[in-house]
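*Asks:* First, the structure itself, so that you have it in front of you.
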Amino acid sequence: MATIKEIATLANVSITTVSRVLNYDETLNVSPETRKRVFEAAEELSYVITPKKKAKSKWTIGLYDSFSLEEELVDTYYLSIRVALEKKLKLKGIDFYRIDKGGNAEYSRKIDGIICLGTFKSKDIESIKNFDKPCVFIDSNPDDRYFDSVIIDFPSATKNALNYLTELGHKSIGFIGGVETDMYGNRFKDLRQDVFENYLKQKNIFKEELVKIGGYDPKDGYTLLKEMLSGQQKPTAIFVANDTIAVGCYKAAYELGIKIPEELSIVGFNDVATAQYMVPPLTTVKLYTEIMGETAVDLLVEKLSSKREVSKKITINTKLIIRESAAAPRKK
């Protein structure tokens, strides 16, 4: 595991700055670019050293993101995927360009294929189709007929986290998450919330008042956990839709004098680089973001090389990383 000192050296900032950035300190006055360097350094140092760089490839790839720099820094899930796929492209000697939203015709002449990261609205999908280039989507699958995709097995990942909490003995389990948006701009229930509710209903331990929905950033975790803990039904454990939400939950628990995990267990989702630096270190579902990025590159190169016409969908499994933020509930 990388140390804060190593991250500070790579990002060319102080150890204090690294610590405050990784803990989402809102009082820290640094630029988004500095925050970006810190998060990228943390992701970079968590990877195994790659083999010697290969000869330059004949391909040029366009990278199309669905999010802004600010959104990427709030939830570093996409940042970690992007770092991985850019490393893979560099390793293969493949040139790549960042495509602006609503990408124009000049990119169509420069690139041989496209990697799209995130979830997209219908107008973005149409823009991507108009490139008329082989395309791989990461973390979404807007149209099986046209596109390859690399996705996560969210139902299995959610069930594994809930199995762990129920096996510890928890029967009062809360959920904090957000609302997803599909390619048409429609808002719908997060798949993790759906799995959570069905799972607890099957065990006859579902409590609707222990489900709180907002956004996916630390402020939402902070506000929604305080709201949940102010109700009559008190959770002994919560499952959150991403680790960034968990950061806010930690702060809320600290201010309320609630000890983690003695009084409240927390399980996150993503295993971003910051999770291992939280106090206590966060138990979370690890999404193999480096494998997602690398797989997308390999999938696109294979399609370019073979001129395959049938689309492929690759599902990446997950792993529950057990640290110190979850324990058996206290006996009353």
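The values are calculated or read from the model by the stated rules, or taken from the named source; none is laboratory data. Values in this document were obtained by computation on a predicted structure and should not be read as measured data. Every residue, glycine as well, gets a Cβ built from its backbone with ideal geometry; the counts of neighbours run over all protein chains shown. The area values use the complete protein model at the heavy-atom level, side chains included, leaving out ligands, DNA and RNA. Shrake-Rupley method; radii C 1.70, N 1.55, O 1.52, S 1.80 Å.
For (1) modelled with pLDDT of 95 or more; (2) in contact with a Ser or Thr (Cβ under 9 Å, 6 or more places away or on another chain); (3) of a type outside the set (S, T, N, Q), each residue gets a yes or a no:
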residue: 210; (1), (2), (3): yes, yes, yes
residue: 223; (1), (2), (3): yes, no, no
residue: 236; (1), (2), (3): yes, yes, no
residue: 251; (1), (2), (3): yes, no, yes
residue: 266; (1), (2), (3): yes, yes, yes
residue: 269; (1), (2), (3): yes, yes, yes
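*Asks:* Exactly one condition in (1) without any contact (Cβ under 8 Å) to a residue 12 or more places away in the chain; (2) open to solvent by less than 50 Å² (accessible area, probe 1.4 Å) is not met by residue 280; state its number.
*Replies:* Single failed check for residue 280: (1).
*Asks:* Go through (1) modelled with pLDDT of 80 or more; (2) open to solvent by 20 Å² or more (accessible area, probe 1.4 Å) one by one and return the number of the condition residue 80 breaks.
*Replies:* (2)
Here's the yes/no breakdown for (1) out of contact with any helix residue (DSSP H, G or I) (no Cβ under 8 Å at 6 or more places or on another chain); (2) closer than 21 Å to residue 21 by Cα:
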site: 245; (1), (2): no, yes
site: 248; (1), (2): no, yes
site: 266; (1), (2): no, no
site: 270; (1), (2): no, yes
site: 273; (1), (2): no, yes
site: 291; (1), (2): no, no
site: 295; (1), (2): yes, no
site: 306; (1), (2): yes, no
site: 309; (1), (2): yes, no
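*Asks:* Right, something else. Report every pair of residues separated by at least 6 positions or lying on different chains whose Cβ atoms are under 9 Å apart, first residue within the stretch 308-329 and of a type in the set (Ser, Thr, Tyr), second part of a loop (DSSP other than H, G, I, E, B) and open to solvent by 40 Å² or more (accessible area, probe 1.4 Å).
*Replies:* These pairs meet every condition: 311/144; 311/145; 311/146; 315/153; 318/153; 318/288.
*Asks:* Restricting to the stretch 136-183, what's the tally of residues that are more than 21 Å from residue 194 (Cβ to Cβ) and surrounded by fewer than 22 Cβ atoms within 10 Å (Cβ to Cβ)?
*Replies:* Result for the stretch 136-183: 7.
*Asks:* What are the residues in the stretch 96-151 that are aliphatic (A, V, I, L, M) and modelled with pLDDT of 80 or more, if any? So that I can check it myself, show each step before the final result.
*Replies:* Initially, the stretch 96-151 is screened for residues aliphatic (A, V, I, L, M), giving 99, 105, 111, 114-115, 117, 125, 128, 136, 138, 150-151.
Answer for the stretch 96-151, where residues must be aliphatic (A, V, I, L, M) and modelled with pLDDT of 80 or more: 99, 111, 114, 115, 117, 125, 128, 136, 138, 150, 151.
*Asks:* Could you say which residue among 176, 115 is over 30 Å from residue 58 (Cβ atoms) and not in a loop (DSSP other than H, G, I, E, B)? So that I can check it myself, show each step before the final result.
*Replies:* On the way: 115 fails: over 30 Å from residue 58 (Cβ atoms).
Being over 30 Å from residue 58 (Cβ atoms) and not in a loop (DSSP other than H, G, I, E, B) holds for just one of 176, 115, which is 176.
*Asks:* State the number of residues belonging to the stretch 230-242 that are in contact with a strand residue (DSSP E or B) (Cβ under 7 Å, 6 or more places away or on another chain) and either among the aromatic types (Phe, Trp, Tyr) or without any contact (Cβ under 8 Å) to a residue 60 or more places away in the chain (or both). It would help to see each step written out before you state the result.
*Replies:* Restricting attention to the stretch 230-242, the residues satisfying the condition of being in contact with a strand residue (DSSP E or B) (Cβ under 7 Å, 6 or more places away or on another chain) are 235-242.
Adding the requirement that they be either among the aromatic types (Phe, Trp, Tyr) or without any contact (Cβ under 8 Å) to a residue 60 or more places away in the chain (or both) leaves 239.
Counting residues in the stretch 230-242 that are in contact with a strand residue (DSSP E or B) (Cβ under 7 Å, 6 or more places away or on another chain) and either among the aromatic types (Phe, Trp, Tyr) or without any contact (Cβ under 8 Å) to a residue 60 or more places away in the chain (or both) gives 1.
*Asks:* Tell me which residues, restricted to the stretch 124-135, are open to solvent by 50 Å² or more (accessible area, probe 1.4 Å) and either touching a Phe, Trp or Tyr at 6+ places or on another chain (Cβ under 6 Å) or touching a residue at least 40 places away in the same chain (Cβ under 8 Å) (or both).
*Replies:* Looking only at the stretch 124-135, we keep the residues that are open to solvent by 50 Å² or more (accessible area, probe 1.4 Å), and these are 126, 129-130, 132-133.
Result: 133, single match.
*Asks:* Hey, can you tell me all the residues within the stretch 279-326 that are part of a loop (DSSP other than H, G, I, E, B) and either within 15 Å of residue 88 (Cβ to Cβ) or within 24 Å of the chain's Cα centre (by Cα) (or both)?
*Replies:* The first filter runs over the stretch 279-326 and keeps only residues part of a loop (DSSP other than H, G, I, E, B), leaving 279-282, 288, 307-312, 317, 322-326.
Result: 279, 280, 281, 282, 288, 312, 317, 322, 323, 324, 325, 326.
*Asks:* Another question about this same structure. Looking only at the stretch 213-229, count every residue that is among the small types (Gly, Ala, Ser), in contact (Cβ under 8 Å) with a residue 40 or more places away in the chain and open to solvent by 30 Å² or more (accessible area, probe 1.4 Å) and tell me the total. Spell out the reasoning first.
*Replies:* Keep residues of the stretch 213-229 that are among the small types (Gly, Ala, Ser), which gives 214-215, 221.
Checking which are in contact (Cβ under 8 Å) with a residue 40 or more places away in the chain leaves us with 221.
With the extra rule that they be open to solvent by 30 Å² or more (accessible area, probe 1.4 Å), the set shrinks to none.
Total satisfying the criteria: 0.
*Asks:* So for the stretch 239-253 (the condition being open to solvent by 10 Å² or more (accessible area, probe 1.4 Å), under 17 Å from residue 172 (Cβ atoms) and charged (D, E, K, R)), does at least one residue qualify?
*Replies:* Let us first name the residues in the stretch 239-253 that are open to solvent by 10 Å² or more (accessible area, probe 1.4 Å), namely 247, 250-251.
Pick out the ones that are also under 17 Å from residue 172 (Cβ atoms) and you get none.
No.
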